Amino acid sequence: TSWFNKSEFIPPDAIFALTAKFQADSSPQKVNLGQGTYRDADAKPWVLPSVNLAREALLTRGLQHEYLPILGLQSFREGTAKIVLGSELFDKRATQIATCQSLSGTGALHLAGLLLRATQNKQPTVYIPEPTWSNHHQVFKSLGFPCESFKYYDYETKSLDIDSYYNMLKQAEPNSVVILHACAHNPTGCDPTKEQWREIAQVMKARELFPLFDAAYLGFNSGDYDEDAFPIRLFMGEMDMEAGVCISFAKNMGLYGERVGCFLLGTKDEQGAVNLQSMLEMLQRSEVSNPPGFGAKIASEVLGNDSLKEQWFQDMETMSSRIRAMRAALYDNLIASGAPGSWDHLIQQSGMFGFLGLSLDVVLRLRDEYHIYMADNSRISIAGLNTGNVEYVARSITECLR
Ligand code: PLP
């Protein structure tokens, strides 16, 4: 008998499977609104000008391919902490933070999980919004955490259910972990207001809940990095709380495949930060030994050079404003084509995704009959829209709803 006779088939990840289906579709009309990757106005992947300039500078200086330190590239870790916290808060808390370069945002979440597990006697419950990014449960379950979903979104009103959110916070056992999408909530596009963030922070602080930010879209959401980093700075600055931040440069620098990320932990005291830094180093060593160099060098170049950073800010504005324009265009075309019902939710959302609120039947009809691919829950990646296809998409949705 085989050593592996207890192995079972695990269905492929839904969103990657959807991309494969799209690629296999030979229709010239096909539209990919599945995976959350930025596309330009011609539906092509976009290398950010700031990233191109940084790469050229690196190549001119000459690249080595030596190991990075276990914790990653020091200039990248410091540049990341500075941009995420803002220079004022960074200066204030520099000695109270630990950072570790990670395998993009997913790796940062995993590293956060390893550390949170290693620092508690009893493995805490992880509270995860429903709906959420498809990988959250998997990452934390794979590390043995009990995971609890809480209602984040009201499918009737198509908006954030803030009362349910507050209720969960008031009932969660102290020392639990709460996953917070820092901005551009995936998949709903609905974030708390600044006032609501304040309330969330106050309740979490009073109830001793640990905030773990998933920060995959900073600067990509509004086009303004500081604006998008507001909740992180609120918790760690004004509210003086401990927090973890899982940072990805996949979307906001377009470095999807280079796996550039960082886990940042803000703690209370300096010795604590030193200890946690040493634990991160040990955890990283046993899993990846040394994080990959190339993407981190590019990001570090962008973060450490004023003119490249300025270009990057412009690039984020370019991406987020095109997405905003396409969100508005889809809304306008839905209205113009007489799509039944209200579509106000679409323009109230922000970020990369539109959460349309279509039934699975409609989603599958759009896929099978119209060659329009979106996630089963009718989340669309708005970056897949452009002036050449938005009218077709709106018209097709309208036809399916009639
Ligand atoms: N978190 C959220 C909410 C995301 O949407 C994503 C990517 O889609 C990630 C984390 C992690 O992405 P990556 O590991 O590519 O940085």
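Every read-out reported here was derived from the displayed coordinates using simple, explicitly stated rules and does not represent laboratory data. The structure displayed is predicted, hence computed values, not measured ones. Please note: Cβ atoms are built from the backbone with ideal geometry, for glycine as well, and neighbour counts cover all protein chains shown.
Could you size up the charge dipole of segment 144-240 around its Cα centre, putting +1 on the beta carbon of Lys and Arg and -1 on that of Asp and Glu, and report it in debye to the nearest 20? Can you show the working numbers first?
Numbers: 8 positive and 17 negative charges, 37 e Å.
Result for segment 144-240 is approximately 180 debye, rounded to the nearest 20.
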Local electrostatic count, Asp332, Cβ distance below 15 Å [Lys/Arg +1, Asp/Glu -1]: +1
Once Ala17 and Glu369 are pulled to full extension, the length gained, defined as 0.36 nm per residue separation minus their Cα-Cα distance, is 124.9 nm
So if I take the alpha carbon set of segment 246-341, get Rg, then get Rh from the Kirkwood formula, what is the Rg over Rh ratio? 1.19
Are there GluC sites (Glu not before Pro) in segment 1-108 that DSSP puts in a loop and that have at most 15 other Cβ atoms within 10 Å, and which ones? Glu8, Glu66
How large is the dipole of the chain about the Cα centre if only Lys and Arg carry +1 and Asp and Glu carry -1, each at its Cβ, rounded to the nearest 20 debye? 660
If one compares the long axis through the Cα atoms of helix 14-24 with the longest principal axis of the Cα atoms of the chain, the angle in degrees, nearest 10, works out at 50
Please list, by residue number, every one of the chymotrypsin sites (Phe, Trp or Tyr not before Pro) in segment 17-103 that is coil in DSSP and has at most 14 other beta-carbon atoms within 10 Å. Tyr67
Among the listed pairs Lys268/Lys297; Lys194/Lys297; Lys170/Lys194; Lys21/Lys309; Lys122/Lys151; Lys30/Lys151, which have their C-alpha atoms separated by more than 27 angstrom in this model? Lys268/Lys297; Lys194/Lys297; Lys21/Lys309; Lys30/Lys151
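Grab the other residues whose beta carbon is less than 12 angstrom from that of Trp312, score K and R as +1, D and E as -1, and report the net. Each step should come with its number before you reach the end.
Working: positive: Lys309; negative: Glu301, Asp306, Glu310, Asp315, Glu317.
Within the 12 Å Cβ shell, the charges total -4.
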Kirkwood Rh, angstrom, segment 256-402 [1 / mean 1/r, Cα pairs]: 18.9
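If Lys and Arg each add +1 and Asp and Glu each add -1, what is the summed charge of the other residues whose beta carbon sits under 13 Å from the beta carbon of Arg365? The partial results should precede the final answer.
On the way: positive: Arg367, Arg402; negative: Asp361, Asp368, Glu369, Asp376, Glu399.
Taking every Cβ under 13 Å from that of Arg365, the sum is -3.
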Any chance you could check the Cα centroid distance between segment 335-402 and segment 23-95 for me, in angstrom? 29
Residues of type aspartates and glutamates that Lys82 reaches as a straight line, Cα spacing below 12 Å, ignoring anything fewer than 8 places off in the same chain: Asp91, Asp226
Test item: Cα-centred dipole of segment 346-402, Lys/Arg +1 and Asp/Glu -1 on Cβ, debye: 100
Most positive-pole-ward Cα, Gly107, Tyr67, Pro211, against dipole of the chain from beta carbon charges: Tyr67
Signed unit charges on C-beta, dipole axis of segment 262-356, positive-most listed residue Gly304, Cys262, Tyr331: Tyr331
Excluding residues on the same chain fewer than 8 positions from Lys6, give the lysines whose Cα lies under 21 Å from its Cα. Lys141
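If the viscosity is 1.567 mPa s and the temperature 4 °C, what translational diffusion coefficient in µm²/s does Stokes-Einstein give for segment 153-261 when Rh comes from Kirkwood over Cα pairs? Intermediate results must be reported in sequence, preceding the final value.
Details: Rh = 14.5 Å.
Approximately 89 µm²/s, per Stokes-Einstein.
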Can you return the aspartates and glutamates within cross-link range of Lys158? Criterion is Cα-Cα under 18 Å, with same-chain partners fewer than 8 residues away left out. Glu130, Asp191, Asp344, Asp376
Low-density loop cleavage sites - trypsin sites (Lys or Arg not before Pro) in segment 113-209, where at most 13 other Cβ are within 10 Å (DSSP): Lys122
As I understand it, the value is the acute angle between the Cα axis of helix 104-118 and the longest principal axis of the Cα atoms of the chain; what does it come to in degrees, rounded to 10? 50
What value in Å³ per residue do you get for the convex hull of the alpha-carbon atoms in the chain? 166
